1. Across the stretch B:167-197, what is the total count of residues that are closer than 14 Å to B:TYR131 by Cβ and either acidic (Asp, Glu) or in a strand (DSSP E or B) (or both)?
2. In the set B:GLU173, B:GLU155, which member is in contact with a helix residue (DSSP H, G or I) (Cβ under 8 Å, 6 or more places away or on another chain), open to solvent by 70 Å² or more (accessible area, probe 1.4 Å) and either at pLDDT 90 or above or within 14 Å of chain C (Cβ to nearest Cβ) (or both)?
3. Hey, can you tell me all the residues within the stretch A:42-90 that are free of Cβ contacts under 8 Å to residues at least 40 places away in the same chain and within 21 Å of A:ARG102 (Cβ to Cβ)?
4. Checking the structure you have, find out if any residue of the stretch D:312-332 is open to solvent by 20 Å² or more (accessible area, probe 1.4 Å) and in a loop (DSSP other than H, G, I, E, B).
5. Just checking, how many residues over the stretch D:343-384 are of a type in the set (A, V, I, L, M, F, W, C) and open to solvent by less than 10 Å² (accessible area, probe 1.4 Å)?
6. Output the strands (runs of 3 or more DSSP E) that fall wholly within the stretch B:61-141 and possess 3 or more residues being out of contact with any strand residue (DSSP E or B) (no Cβ under 6 Å at 6 or more places or on another chain) and crowded, with 19+ Cβ neighbours inside 10 Å, or say none.
7. So which residues in the stretch A:94-106 are more than 9 Å from the chain's Cα centre (by Cα) and open to solvent by less than 10 Å² (accessible area, probe 1.4 Å), if there are any at all?
8. Residues that are within 14 Å of chain B (Cβ to nearest Cβ) and crowded, with 18+ Cβ neighbours inside 10 Å: find the helices (runs of 4 or more DSSP H) completely inside the stretch A:10-81 holding 3 or more of those.
Amino acid sequence: MTTFARPGKHILKRYDKDMRKLQKRVLKMGAMVADQMQRLQDALGQEDDERARQVIEGDRPIDLQEIKVDKFIIRLLARRAPVGSDLRYIVAASRIVTELERLGDETAQMAAALFQEETPVAGCNGRPAHGEVRSLVEQLLELFEQVMAAFEKYDYRSALQLAGMDASRGREMDKRLKDLMECVFGSGQQVSEAVNFILVLRSLERGLRHVQNIAEHVIYLVTGEDVRHRKKGPASA
Amino acid sequence: MSVIDAGIRPDGARDARETDATVGKPFLEKKVTLRARNVNVFYGEKQALFDVSIDIGKHEVTAFIGPSGCGKSTFLRCFNRMNDTIDSCRVRGEILLDDEDIHDPKMDVVPLRARVGMVFQKPNPFPKSIYENIAYGPRLHGLVSGKSELDALVEKSLSRAGLWNEVKERLDEPGTGLSGGQQQRLCIARAIAINPEVILMDEPCSALDPIATARVEELIDELRRKYTIVMVTHSMQQAARVSQRTAYFHLGRLIEVDKTDRIFTNPSHELTEAYITGRFG
Amino acid sequence: MTKRSDIRAAVERGLSRRRRRDRLVRRLGLGAILLGLGFLAFMFFSIIGMGYSAFWQTRIQLPVELDPAAIDPERTHDPAVLRNADYAGLIKQALRKRFPQIKKRKEKRKLYQLVSSGAAYALQAMVLQNPALIGSTPGLWLTANDDVDVWFKHPETSGKRLNDQQKAWLEELHAKGELKKFFNLDFFRNGDSREPEQAGILGALMGSFYTILVTLGLSLPLGIAAAVYLEEFAPKNRWTDFIEVNINNLAAVPSIVFGLLGLAVFINFFGLPRSAPLVGGLVLTLMTLPTIIIASRAALKSVPPSIREAALGVGASRMQTLFHHVLPLAMPGMLTGTIIGMAQALGETAPLLMIGMVAFIVDVPRGILDPATVLPVQIHLWADSPERAFLEKTAAAIMVLLAFLVLMNLAAIWLRRKFEKRW
Amino acid sequence: MGMVSGDCRRLHSLPRYYGYYVAMLTALPAILLLALWISLDQSLITHLVMASLPQSMQPLPPSEQSLLINDIRNLATGNITSGEISPALQAAADHYRHLMHLSRLLLPTALFLLAIGGIALGLKVIHPDRRARPAVERVIRWGLILSASIAILTTLGIVLSVLFEALRFFQKVPLADFLFGLEWSPQIAIREDQVGASGAFGVIPLFAGTLLIATIALSVAVPIGLLSAIYLAEFATPRVRTWVKPLLEILAGIPTVVYGFFAALVVAPLVRAAGESIGLEVSSESALAAGLVMGIMLIPFISSLSDDVINAVPGAMWDGSLAMGATHAETIFRVIVPAALPGIVGGVLLAASRAIGETMIVVMAAGVGANLTANPLESVTTITVQIVTLLVGDQEFDSPKTLAAFALGLVLFIATLLLNVLALYVVRRYREAYD
């Protein structure tokens, strides 16, 4: 059994304001990451080097935003000594911010790996790598937007699905990634090209993990249940 | 029980038992010092406590929190029948100290209070010397037979209260001349001089500055090894810092009692949540 | 001994002894209270027991022939003539007629003693008021002598001052319904007298009234003014400290010392008349002032400073704050203190002895300069009188005095209840 | 008002303060004059009359002079005079009557003129800028200061009047004889006309008597008062408290003359009877009876003072001690009473001061004969009794007998003053410790 009081209705109005500000900042950071993924998707679709460069450079503001939100969280902890749902919210927000930063990193790394001059990324079984990755990024973005929406709305049921236990979409993506990886290993490509592709796939896999983690944090912030490191269906490798 | 496993929706629909009774774990399986069952307290016509049932674990610090007037101090004072001193106060129900009902008419309050010591909100050393303050209880109950025995007991009590080094040079000075924090530790030393089983503390730090508070909290944590401690506090942080179990009272009812960690991260009842997070309850 | 089981054993061992001691103290306390209240009850009962009979007066019914020849031979109805008639003779004549068997002079004298000497004056007053009565023979209820009064009220305890013959006559009168008790109005409308049956407390009451009037008129404004100054305006310095110590000390100075002051200053130095309510009032003023000042200061103190600050905050001067806000709020408390001070003054005796208010004064005073006595002093005087009949008068006067004090205290309580405010 | 054409804001003070101001200017000088007139006209007129008396009657000793003045006054007001009326006396009386008449006539006229002058002055000085309110307030303030000083004046009056007469006494009787003499018999000294020579003004027996009675009184009042205060403060239920406290305080409100009556007519015979029933000879004016009744009188005094000081001990002390497992009695005697002790001592000192100064009970119930004894069954006399006996009745302010009363008054005043100051100091210190 649990209780979750939405931010607001504190006796101290400033506390409410701070909590809203925290939510806004996390959501903003989420939006920045989503923008990056969208850009990467566009870059892949149009083979646009310029876009890809924007993605690589676009990681920096996300890092700065992480620092900003972190500072804010530390201030909140010091000032308000939060407990109960507030404490969970802030702790979850702090963790989510870390996940977001990592997600941003992965996106930038994928852009860097996919758009380098020397070693192009090969496809597999005639399927061009860019096209495959683009559809996977699209899928990841969709999941990511869902989890951020769950965070915004304290929707722990949707987060439960995303966290992987019965997340068909997460499982579907997971499966595609595995298939692709097997395909790359089996195709006997040039090592450097294969490695690059594998790196991108790994990044996508980690991205999916981050999204799942965010979903777990959302569950924690709403219910107080720590569902990490449980036996999570097939999604956990 | 896990939320997820139970599949209970967190949006307000609640387990049936919490609407009229305590949530959390009022009763313990392990060693219990005090058992309260269906305690009701009245001040004249006014009812101050409604059907409170709780177990106080042995060698644990149990903290009572709740808004002013919620009955937590009243409840605390039931444990050594200090409510007897208030003429209009009536207590119904059962409170067992090691299976003896302390509200039994045959129960004498004098030995009861020797077993259940109490420390008050404002330090209240007697207007006597430090030594006499500590010696008061042992003399009263005839626990020592000689001066040297008494000296030893005084030293032991003061040491245990962490005050010996500060006052050993001036045992003859009046206890009222100490600082607030020292006075409170003197009162704790006075209480433990008769080696009670339980020490009740009624907001023991509310009149102290943060440093003195820290000292007393440190002391409470140490005392836990030998004594069962029940404390009322207005500071949730303090409850979170020093107690192992926390009980939340609201308008004379025990709303929730649980492990302190759980109360402060994930309380079960929305009133508790609203109170600890500082929302309108 | 630190093991819990040992401690519990030790506590249990000492328990019964300690409980016994506790009960003993409780009983002693209860005993002390009962003793105090017992004293009070005993005092009240003995005083009421002694005094209630003073409110009745024994009278003898006699047909007194208002012989025109003896009273008003020329039928002028001239008050001067009427006043000089021998009413005592008429009464004696009536007595002789009532007991025609008595012939011996000695016995006759004994007979005459049954009726108060005051009866003649009462008769005179009656005739003066209604000269038309002359010539009739009304059956009048004449005040009996104090010895008769005492014997009739307490036949078992006294009567030594009456001989058997007199008692026989009285028995006869009583048997015929000619000896009866009436409500004693004279007690409330006469001044002091050497004759117990005629002595009343009106003179003392009026003396007390004038004295208290002077005391009230002086001590109320002075006391309140002094309290206001000390509480509201006085700077905290040595001088006000000195005043404060002085006031507290004066409140505990024996009252008789105030009497000495009054004697030396008001009478010897200023030459004010002795025995006058004015001087009594002055002395009592000085005596009650500390009480009133202390009570008034307490009343002023109980007005919360927030009210003063509020008034000063809207720009009122300190004087305006005082008169508009503080004084009205403190007034009930001040008046309560004043009433208590007045009650104290009303019961005070010793200082008034010093300034000569112990004189034997028959006339009822009509102003603050007339010689007078006051109720408590009257009590003192009567208590010292040898006549048995004065005993009940004394006790009755005490009852009247206590009644006034109770009234005043009830007024004070009422005032306090009515205006009690919680801040 | 006209001057500012109805605009109140231009006035310095509220309009009515100008009214008070004028009223003050009008009334104050007139009142002063009235007071001066009343206090002076008698002596002035007397002086004038005396001056107009024939030479032969001029150089008179003061006592005869006052007799003469009395005669003249009586004559003037038509009362009976002592002795014969000489023509000179008659003339003087006429003169007196004339002067009195003049005075009566002059006074209202002068008052009226002064008042008119005041009004005129007031109207003249009134001006919108005039600071009327501060002026009025200043006068009120001075009035208040004067009132507050009355306490000082009273003390001063007591000290001076008593001291002055006492000094006159000590001129006739040596201080050492007075303080250390073992015999007190002022009446004898008068009769034998050996002023101060007999050593009959020794105050020791009076001290002894006073102390004996006060001791008896305190040994009745202190235990009863203290125990009742303790019972009321801790053991009694609130209902009992609300009834018993006022009842006990009734004892304090009863006039001492009533106690005197009770002592003399009820208690003394009882004590005597009781003594006789066990074969003791008891004086009908025994110190025991007076002391007992005085003790009853002091019960509420002790109990309410003790109640105050016991209640001043913070409730936390009670809680602290009871929570240690102390019984009520232990709490009272080990914590509360020691803490309240200074206050209780102060209360007992105040009660002692009262016992020493108490007059009526001893006047009515104790003896007049000085008796140096410690036996409570015998009759003793006290300082206050002697003051009353010496001063009631005719007084001659030259005789040591009368003056002795003032010397006794001085002793009494000093003794009670010391006790009071000590007690007030102790109580005050005690209060401060807990406030």
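1. 4
2. B:GLU155
3. Residues satisfying the conditions are A:GLN54, A:GLU57, A:ARG60, A:PRO61, A:LEU64, A:GLU66, A:ILE67, A:ASP70, A:LYS71, A:ILE74.
4. Filtering the stretch D:312-332 down to residues open to solvent by 20 Å² or more (accessible area, probe 1.4 Å) leaves D:312, D:314-316, D:318-319, D:328.
Checking the rest, the ones that are also in a loop (DSSP other than H, G, I, E, B) come to D:314.
Yes, the conditions are met somewhere in the stretch D:312-332.
5. Within the stretch D:343-384, residues that are of a type in the set (A, V, I, L, M, F, W, C) and open to solvent by less than 10 Å² (accessible area, probe 1.4 Å) number 9.
6. On the way: elements: B:61-65, B:89-97, B:116-119.
In the stretch B:61-141, no matching strands (runs of 3 or more DSSP E) lie anywhere.
7. Across the stretch A:94-106, the qualifying residue is only A:VAL97.
8. On the way: elements: A:13-46, A:49-57, A:59-80.
Hits in the stretch A:10-81: A:13-46.
The values are calculated or read from the model by the stated rules, or taken from the named source; none is laboratory data. Source: prediction; values computed, not measured. Here Cβ is always computed from backbone atoms with ideal geometry, including for glycine, and neighbour counts include all displayed protein chains. When the accessible area is computed, the model is the full protein with side chains, heavy atoms only, and any ligands, DNA or RNA have been set aside. Shrake-Rupley method; radii C 1.70, N 1.55, O 1.52, S 1.80 Å.
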